[in-house]
């Protein structure tokens, strides 16, 4: 049987053996970390030890590590929780600044505030490569109402679809000139580029387990002690009264095992994956006439594009058709964010770069992970040309039917 080739690590990646071992050990133990008896106190001790390991690996203090269920909850908490706190302190703060490239967890949070809580959403534009400059960000801050009306800013560190890397320390520095809290979604960053919470300058940072070799169902909101964020759900107030709910110690154990490995291997892994990424992109461009690499890319560079991301646009082709053909050929990939899988519309990220809608529909994303190999790349390149030709025949037949 032919080995399936998995190149959708941007959606989820294999749980690392260290995380499996840590979770297995923890699952054999008993105790709710909020309980006061001996078993509960022992669980609390283990939980705090895991928190210390996570904090050290990410350049934070243990008190800045707020455990959540994953990236979506962390993004919601950062955007909605900060907006509510800041507006309560000053009713003039009604603006939410987010980039045109954000994940739906951030966009939908901002649009919820727009629809239900009187917010105004200002979109921070990018250039044709997906890069947001400090000048573009500053111009957005200066729009109607000015910086004093801004409640919160959210700009993701590494884009989940096209892999573009933003200069987050520079952008956070602009926000702080005006005393505005800055959140970044770093879900696709940890393990692929250097990430250090303290030196980044951000106030809030989202991380999740299943993108870096940890378990699904657990994530983090790194929040500085003075970050003006408040709870958006209520209960026991376990995590600094910012996030309630009984913590799953075995999931935190798995996360604490995976993050230090991912961080320690960042440089070595990035160098290896950059070679694979570039082989994918150059190979596809050679085999697929008219294909376009989406977002910033130069062979060998990993400062402006994640080493794990290969995203291309294929003209005269529907991305979903190409995805299913590749899947039938044993290649698992995606057309964009897994959170919008199955939704037949062009990506807002690709459109934001200025690509026309017909070309944007032909997007395909191949993302690498810690267990990706050259054989995976070769498997894609051996079938991609034929899959594209079949997808194009289907597209042309559809166009002919529409023409009548």
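Tabulated data for the structure shown
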item	result
Any hit, segment 357-377, residues being part of a helix (DSSP H, G or I), surrounded by 12 or more Cβ atoms within 10 Å (Cβ to Cβ) and at pLDDT 95 or above	yes
Residue count for segment 68-101, restricted to those that are more than 21 Å from residue 147 (Cβ to Cβ) and either at pLDDT below 95 or touching a strand residue (DSSP E or B) at 6+ places or on another chain (Cβ under 6 Å) (or both)	6
Residue list for segment 298-328, filter: within 18 Å of residue 376 (Cα to Cα) and touching a helix residue (DSSP H, G or I) at 6+ places or on another chain (Cβ under 6 Å)	307, 308, 310, 312, 322, 325, 326
Among residues of segment 354-374, those that are within 25 Å of residue 123 (Cα to Cα) and out of contact with any strand residue (DSSP E or B) (no Cβ under 9 Å at 6 or more places or on another chain), counted	4
Residue that is nearest to the chain's Cα centre (by Cα), among those in segment 1-51 that are under 30 Å from residue 309 (Cα atoms) and free of Cβ contacts under 8 Å to residues at least 24 places away in the same chain	17
Exclusive hit being in contact with a helix residue (DSSP H, G or I) (Cβ under 6 Å, 6 or more places away or on another chain) and surrounded by fewer than 20 Cβ atoms within 10 Å (Cβ to Cβ), set 52, 56	52
Segment 112-131, residues that are part of a helix (DSSP H, G or I) and either within 14 Å of residue 149 (Cβ to Cβ) or touching a strand residue (DSSP E or B) at 6+ places or on another chain (Cβ under 7 Å) (or both)	113, 114
Qualifying residue in segment 164-171 (condition: over 16 Å from the mean Cα position of the chain (by Cα), surrounded by 23 or more Cβ atoms within 10 Å (Cβ to Cβ) and in a helix (DSSP H, G or I))	yes
Residue in segment 389-397 that is closer than 30 Å to residue 213 by Cα and surrounded by 22 or more Cβ atoms within 10 Å (Cβ to Cβ) present	no
Check on residue 148, over 23 Å from residue 298 (Cα atoms) and part of a helix (DSSP H, G or I)	yes
Unique match (being buried (at least 20 other Cβ atoms within 10 Å of the Cβ) and either assigned by TED's automatic domain parsing to the domain that holds residue 213 or in contact with a helix residue (DSSP H, G or I) (Cβ under 9 Å, 6 or more places away or on another chain) (or both)) among 295, 245, 237	295
Condition met for residue 283 (surrounded by fewer than 20 Cβ atoms within 10 Å (Cβ to Cβ) and either assigned to a helix (DSSP H, G or I) or in contact (Cβ under 8 Å) with a residue 40 or more places away in the chain (or both))	yes
Lone unmet requirement of (1) under 20 Å from the mean Cα position of the chain (by Cα); (2) surrounded by 24 or more Cβ atoms within 10 Å (Cβ to Cβ); (3) under 16 Å from residue 152 (Cβ atoms) for residue 219	(3)
Residue ID - modelled with the lowest pLDDT, chosen from residues in segment 323-340 that are in contact with a strand residue (DSSP E or B) (Cβ under 7 Å, 6 or more places away or on another chain) and closer than 18 Å to residue 10 by Cβ	336
In segment 15-49, the residues that are outside any helix (DSSP H, G or I) and buried (at least 16 other Cβ atoms within 10 Å of the Cβ)	15, 16, 31, 33
Members of segment 252-278 that are in contact with a helix residue (DSSP H, G or I) (Cβ under 9 Å, 6 or more places away or on another chain), surrounded by fewer than 18 Cβ atoms within 10 Å (Cβ to Cβ) and over 18 Å from residue 10 (Cα atoms)	260, 264
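The values are calculated or read from the model by the stated rules, or taken from the named source; none is laboratory data. Here the structure is a predicted model, which is why all the values come from computation and not from measurement. Every residue, glycine as well, gets a Cβ built from its backbone with ideal geometry; the counts of neighbours run over all protein chains shown.
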